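Enquirer: The structure follows.
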Amino acid sequence: MSGLGRMFQSVRGTGFLTIIIVLIAAAWQSGCKNGEQPIQASTVATSSMAVNVRTIAVQTNTFVESVRLLGETQADKDLIYSAEIAGRLEYLAVDFGDMVQSGQILARIDYEMLKAQADQVRAASDLAKKTYDRLLTLREDELVTQQQIDEANAQLIQAQAQLEQTETALKRSEVKSTISGVVAGKFVEAGEYMMPGTPIVRILNHSTIIVIAQVPETRVPDLTVGADVSVTIDALKDTFTGSLDVVLPQSDPESRTFTVRVKTPNPDRRIMVGMAATLTIAVKKHDDVIVIPQEVVIEQVDGRYVFIRNGDQARKVKVTLGPSENKSVIITDGLKPGDELIVDGHRELVDGQPINIVR
């Protein structure tokens, strides 16, 4: 009688539940024959199968460590021109999008009236000067008194002061641009009455772009003013070259980050103000280091590993990582030049598994 039959006979009459338990035990005993568990047999079968892999030779390279920051573009020069005197906006010379040159008149406030007043005061000043000079001549012949000369001198001083005031007002009535650029804002229309300080137009010059970004305090010591910076504008799908202009010396009290300014030439004005930019600042160069693709590193609870070729088998090697950049990472320990690093098929491997090298 078989072992299973003897088990059925021994439990005869003990009930249906007992029979079920005996069946389960028999199945387990059959699967564990000779002390081998089914799950272990499956693992052994998997590890004995050869896996197709691709390898590269480990070698030393130069690795440039960078800081990546997100920023926003600003114009190098961005000015709002306002009224310096009270009066009616007599003339507005520009509109949105107009290009202006440095020294160009943007607007005039009561200019004609102030010019007439200045002409009148200038004539009075010229007359006062001539009168004073004539009296000085007559004094030599003792034909005028000193009092007359003093009165003429006082009138001349008063006239010159009035002339200076009116000419200053006339000068301030003309609003001129101090930079070349484009009209990016217009806040009033001709005919409006305005007070001193009323905004009139905004002019910006973005032939040079400033990118403002925040850098963590831990990376500030790595930055060098004047360093080359790669400026990527996703909206333009293009990358430009700039330079680190300044690192402001005070941090943001909430984020504990510092503000950096990067200057980028923009002669064709392709980069617009307010665009998002990605800054890549080279901060450290590592020579003769082992660099591998970051994707071949396997993260596990007890550390980080890679697989290398050991004859016709895969060998699992624990590694120590250094700085990473652009999907590459420095290996500071665990690999040496000449090792064959498995870069494809490594996710399916276990230590000692047979491998086939494919090209």
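Yes/no matrix, rows are residues, columns are (1) closer than 26 Å to L92 by Cβ; (2) in the same structural domain as K115 (by TED's automatic domain parsing); (3) touching a Phe, Trp or Tyr at 6+ places or on another chain (Cβ under 6 Å); (4) exposed (fewer than 13 other Cβ atoms within 10 Å of the Cβ):
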site	(1), (2), (3), (4)
Q146	no, yes, no, yes
A152	no, yes, yes, no
K171	yes, yes, no, no
G181	yes, no, no, no
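Enquirer: Okay, next question. If we keep just the residues of the range 53-67 that are more than 30 Å from P267 (Cβ to Cβ) and under 28 Å from the mean Cα position of the chain (by Cα), which is surrounded by the fewest Cβ atoms within 10 Å (Cβ to Cβ)? Give the steps one after another, and end with the answer.
Expert: First pass over the range 53-67, keeping only residues more than 30 Å from P267 (Cβ to Cβ): 53-63, 65.
Checking which are under 28 Å from the mean Cα position of the chain (by Cα) leaves us with 62-63, 65.
Numbers: T62: 10, F63: 21, E65: 15.
Once the filter is applied, the top-ranked residue is T62.
Enquirer: Could you check the range 179-196 and list, in sequence order, the residues that are closer than 25 Å to D76 by Cα and part of a loop (DSSP other than H, G, I, E, B)?
Expert: Step one: list which residues in the range 179-196 are closer than 25 Å to D76 by Cα, which gives 179-188.
Within the range 179-196, I179, S180, F187, V188 meet the criteria.
Enquirer: Give all pairs with beta carbons closer than 7 Å in which a residue from the range 245-271 that is farther than 24 Å from G226 by Cβ meets a residue that is surrounded by fewer than 14 Cβ atoms within 10 Å (Cβ to Cβ) and modelled with pLDDT under 95; count only pairs at least 6 apart in sequence or on separate chains.
Expert: Cβ pairs passing all conditions: R256/E217.
Enquirer: Right, another one. Can you name the number of the only condition in (1) of a type in the set (A, V, I, L, M, F, W, C); (2) modelled with pLDDT under 95; (3) part of a strand (DSSP E or B) that V220 fails?
Expert: (3)
Enquirer: Among the listed residues V301, V317, V329, V306, which satisfies the condition of being more than 30 Å from S207 (Cβ to Cβ) and in contact with a Phe, Trp or Tyr (Cβ under 8 Å, 6 or more places away or on another chain)?
Expert: Details: V301 fails: in contact with a Phe, Trp or Tyr (Cβ under 8 Å, 6 or more places away or on another chain); V329 fails: in contact with a Phe, Trp or Tyr (Cβ under 8 Å, 6 or more places away or on another chain); V306 fails: in contact with a Phe, Trp or Tyr (Cβ under 8 Å, 6 or more places away or on another chain).
Testing whether each residue is more than 30 Å from S207 (Cβ to Cβ) and in contact with a Phe, Trp or Tyr (Cβ under 8 Å, 6 or more places away or on another chain) leaves just V317.
Enquirer: Name the single residue that is modelled with the lowest pLDDT among those in the range 240-257 being among the hydroxyl-bearing types (S, T, Y) and surrounded by 13 or more Cβ atoms within 10 Å (Cβ to Cβ). Write out each step before concluding.
Expert: Restricting attention to the range 240-257, the residues satisfying the condition of being among the hydroxyl-bearing types (S, T, Y) are 241, 243, 251, 255, 257.
Then keep just the ones that are surrounded by 13 or more Cβ atoms within 10 Å (Cβ to Cβ); that gives 243, 251, 257.
Values: S243: 95, S251: 92, T257: 95.
The residue in question is S251.
Enquirer: Sticking with this one: Do we find that D228 is over 16 Å from the mean Cα position of the chain (by Cα), in contact (Cβ under 8 Å) with a residue 12 or more places away in the chain and closer than 20 Å to K285 by Cα in this structure?
Expert: For D228, the condition - over 16 Å from the mean Cα position of the chain (by Cα), in contact (Cβ under 8 Å) with a residue 12 or more places away in the chain and closer than 20 Å to K285 by Cα - is not met.
Enquirer: Looking at Y132, Y81, can you tell me which residue is aromatic (F, W, Y) and either touching a residue at least 60 places away in the same chain (Cβ under 8 Å) or closer than 30 Å to T208 by Cβ (or both)? Full working, then the answer.
Expert: Numbers: Y132 fails: either touching a residue at least 60 places away in the same chain (Cβ under 8 Å) or closer than 30 Å to T208 by Cβ (or both).
Result of the check over Y132, Y81: Y81.
Enquirer: Another question, if that's okay. State whether the residues of the range 151-159 include one that is more than 30 Å from A75 (Cβ to Cβ), modelled with pLDDT under 95, small (G, A, S) and in contact with a Leu (Cβ under 7 Å, 6 or more places away or on another chain).
Expert: Step one: filter the range 151-159 for residues more than 30 Å from A75 (Cβ to Cβ), giving 151-159.
Then keep just the ones that are modelled with pLDDT under 95; that gives 151-159.
With small (G, A, S) added as a condition, the list becomes 152, 154, 159.
Then keep just the ones that are in contact with a Leu (Cβ under 7 Å, 6 or more places away or on another chain); that gives 152.
Checked against the condition, which is being more than 30 Å from A75 (Cβ to Cβ), modelled with pLDDT under 95, small (G, A, S) and in contact with a Leu (Cβ under 7 Å, 6 or more places away or on another chain), the range 151-159 yields at least one hit.
The values are calculated or read from the model by the stated rules, or taken from the named source; none is laboratory data. Just so you know, these numbers come straight off a predicted model, no measurement behind them. Here Cβ is always computed from backbone atoms with ideal geometry, including for glycine, and neighbour counts include all displayed protein chains.
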